[in-house]
Amino acid sequence: MRPRTWLLLFLALVVAALAGLALGPVSLSPGAVWGALFGNGDANAIAIVQTLRLPRIALGVVIGAGLGVSGAALQATLRNPLAEPYLLGVSGGAAVGAVTAVALHFTSLAVLPIAAFIGAALAVTLVLFVARAAGARGDPRVLLMGGVVVGAFANAAVMVLLAGAPSETVRGALWWMMGSLSDATWQGTRWIAAYVLVGGVLLIALGREIELLALGEDPAAALGVDVERATRRVYLAASLLAAVTVAGAGLVGFVGLVVPAIVRAMGARSVRSVMLGAAIAGGALVVAADVLARTVRAPAELPLGAVTALIGVPFFLSRLRRIT
Amino acid sequence: MIRFDGVVLRYPRAPRPAVDGVTLDAPRGAITAIVGPNGSGKSTLVRALLGRLAPERGSITVDGDNIAALTRLDAARRISLVPQREEPAFPLMVRDFIALGRYAHGGVWSGETAVDRAAIANAAQRAGVGEFLERRTPELSGGEWQRVRIARALAQGGDALVLDEPTAFLDVAHEMAVFELLDALAREGRAVLLVSHQLNLVARFATRIALLHAGALAAFGAPDDVMRGDLLERVYEWPLVVTRDPAVGAPVLVPLRNRASR
């Protein structure tokens, strides 16, 4: 990708972040935002910017980056431009893990991602097993069907878990099913960012293997990749990323689908540059979607996952036409 | 250089082995061809070379080293292999595609070295793809695509070159160009192991031919020893004659019309 394109991606992220700081139930002028960032001006504006909107934007950037990298890695490894953690049921599995942990009163964002990761890893294993049992792991459609089925199963599992739960737990869990950045705190965002960094670095380190896996298993093996081991590592790291985003912001679908495609269309060639570009673009997309979620029907807030789905579904359909 | 010794290969849960006791070798400086009807086990042998299927019995060695004991990286540095089918999930620049052949020579974070660049340029030139390095893989014709894949195998740099039906879907000129290239590469000292359905071309270019039938070796020897009408008729289960090409003097297989329609 040319330097100018990278600059464009960064610019999109900055614009989204600035909009996130200025827009909301209370609109702030650019001057007021600028002042509040450095602790000057109206006390209300300072509180809104520093304790509400800034951590929210930071969480959005981190979540979007995790979803973007995870989607880019899964698409290349599964050789499927429609692969992404939400559609593959991986996020659903993570939600089951997270809700289980919450039901057991483990709510710290240090621990929650681990519970979500266990759920996600089980889900990805199940999806691959279903696809293999159908005898067509390479067929994108079978894989997605497996993902949808496992996702539906995960939803059902969450509902069952919730059936005797106190009402505030139910509310919390529903929040998970729909995705939101509204509970963002600096403390939690730091944990989420640390986990996303770990998963992201793992996947970038696997970049050369992922590049070859995108050619197919036999070519990858011919060129020197231990296919089984590399694939397992990619799934684990991508599941970790997806799980962390679920623990931090619930089910935010389609970001991992849309963002790598945009970055590729902008000229990213190597898998590593697609992953890095998807991290930046993913952050921008989630922050922008969150701005929409907060402003379209203000003062009411739309679920973030609903906004990304409204963006992602038409995109998915246009891609589906191309591969079938 | 590559040697199969009494190799038995069986797919998981298959009642019978796909390859049953095959012994053959592909020395440096020659083209060794593996031919045989569909399902006779040709591609299974290639899968075993890729480490995707472990021999139930027997051994596969590269210069005396058992392939099962080599890491994939080690094996890839010695054997450059062009699989039968390949379709990149996402379009690639031809040059980037050839550069992937250098994977086994780099580390996790290492970029392209001067050695890599030289190997890529040399491979592209040898395979005759230097003019379309900046094109994207989906824009290539069938012949160009096969040559680009051979270029990647050359960039990989192993002394052994294994190709699984490299001329499928190619017209006469492109097919000949590939065989001429393989011939030149063998003369330079590489061991070329070639799986092919083109018996007549194989008979002209290969030093030795291994004829597989239902997973077993029906014959292994010089083209004149293997290109025998009675033998091929039995293996391919089709009436045919083997004659001699008046232009080039090589044995030629001519399949006959079925008895019923004659």
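The values are calculated or read from the model by the stated rules, or taken from the named source; none is laboratory data. Nothing here was measured: the structure is a model prediction, and the numbers come from that model. Virtual Cβ from ideal backbone geometry, glycine too; neighbours counted across all protein chains shown. Heavy atoms of the whole protein, side chains included, go into the accessibility calculation; ligands, DNA and RNA do not. Shrake-Rupley method; radii C 1.70, N 1.55, O 1.52, S 1.80 Å.
The table below lists the values:
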quantity	calculated
Residues within segment A:216-242 that are open to solvent by less than 10 Å² (accessible area, probe 1.4 Å), within 7 Å of another protein chain (Cβ to nearest Cβ) and not small (Gly, Ala, Ser), tallied	3
Members of segment A:60-104 that are within 15 Å of A:PRO260 (Cα to Cα), part of a helix (DSSP H, G or I), of a type outside the set (A, V, I, L, M, F, W, C) and open to solvent by 10 Å² or more (accessible area, probe 1.4 Å)	A:THR77
Condition met for B:ALA124 (open to solvent by 50 Å² or more (accessible area, probe 1.4 Å) and more than 12 Å from chain A (Cβ to nearest Cβ))	no
Condition met for A:GLY282 (away from chain B (no Cβ under 14 Å), open to solvent by less than 10 Å² (accessible area, probe 1.4 Å) and modelled with pLDDT of 95 or more)	yes
Total residues in segment B:147-163, condition facing another protein chain (nearest Cβ under 9 Å) and farther than 22 Å from B:LEU133 by Cα	1
Counted residues, segment B:57-68 - those being within 14 Å of chain A (Cβ to nearest Cβ) and either open to solvent by 30 Å² or more (accessible area, probe 1.4 Å) or in a loop (DSSP other than H, G, I, E, B) (or both)	1
Count of segment B:12-56 residues which are without any contact (Cβ under 8 Å) to a residue 40 or more places away in the chain, within 27 Å of B:GLU188 (Cβ to Cβ) and either small (Gly, Ala, Ser) or in a loop (DSSP other than H, G, I, E, B) (or both)	2
Residue in segment B:78-96 that is in a helix (DSSP H, G or I), at pLDDT 90 or above, in contact with a strand residue (DSSP E or B) (Cβ under 7 Å, 6 or more places away or on another chain) and open to solvent by 20 Å² or more (accessible area, probe 1.4 Å) present	yes
Test result for B:ARG102, within 14 Å of chain A (Cβ to nearest Cβ) and either surrounded by 19 or more Cβ atoms within 10 Å (Cβ to Cβ) or among the β-branched types (Val, Ile, Thr) (or both)	yes
Failed condition for A:ASN155, given (1) farther than 24 Å from A:ALA214 by Cβ; (2) over 20 Å from the mean Cα position of the chain (by Cα); (3) not aliphatic (A, V, I, L, M)	(2)
Filter result for B:SER59 (within 28 Å of A:LEU212 (Cα to Cα), at pLDDT 95 or above and in contact with a helix residue (DSSP H, G or I) (Cβ under 6 Å, 6 or more places away or on another chain))	no
Hey, A:VAL201 under 18 Å from the mean Cα position of the chain (by Cα) and within 14 Å of chain B (Cβ to nearest Cβ) or not	yes
Top-ranked residue of segment A:252-263 - restricted to ones that are within 13 Å of chain B (Cβ to nearest Cβ) and of a type in the set (A, V, I, L, M), ranked as surrounded by the most Cβ atoms within 10 Å (Cβ to Cβ)	A:VAL263
Set A:GLY277, A:GLY267, A:GLY283, A:GLY312: member being in a loop (DSSP other than H, G, I, E, B) and either of a type in the set (Gly, Ala, Ser) or in contact with a His (Cβ under 9 Å, 6 or more places away or on another chain) (or both)	A:GLY267
Residue satisfying all of: in segment B:7-50; within 14 Å of chain A (Cβ to nearest Cβ) and over 17 Å from the mean Cα position of the chain (by Cα); surrounded by the most Cβ atoms within 10 Å (Cβ to Cβ) among these	B:TYR11
Some residue of segment A:110-132 being within 21 Å of the chain's Cα centre (by Cα) and not in a helix (DSSP H, G or I)	yes
Of the criteria (1) over 30 Å from B:PRO88 (Cα atoms); (2) within 14 Å of chain B (Cβ to nearest Cβ), which one A:ASN80 fails	(1)
Checklist (1) over 30 Å from B:PRO138 (Cβ atoms); (2) within 12 Å of another protein chain (Cβ to nearest Cβ); (3) not charged (D, E, K, R) applied to B:ALA54, failing item	(2)
Failed criterion for A:MET266 (all others in (1) more than 14 Å from chain B (Cβ to nearest Cβ); (2) touching a helix residue (DSSP H, G or I) at 6+ places or on another chain (Cβ under 6 Å); (3) farther than 30 Å from B:GLN84 by Cβ hold)	(1)
Qualifying residue in segment B:160-167 (condition: surrounded by 23 or more Cβ atoms within 10 Å (Cβ to Cβ) and part of a loop (DSSP other than H, G, I, E, B))	yes
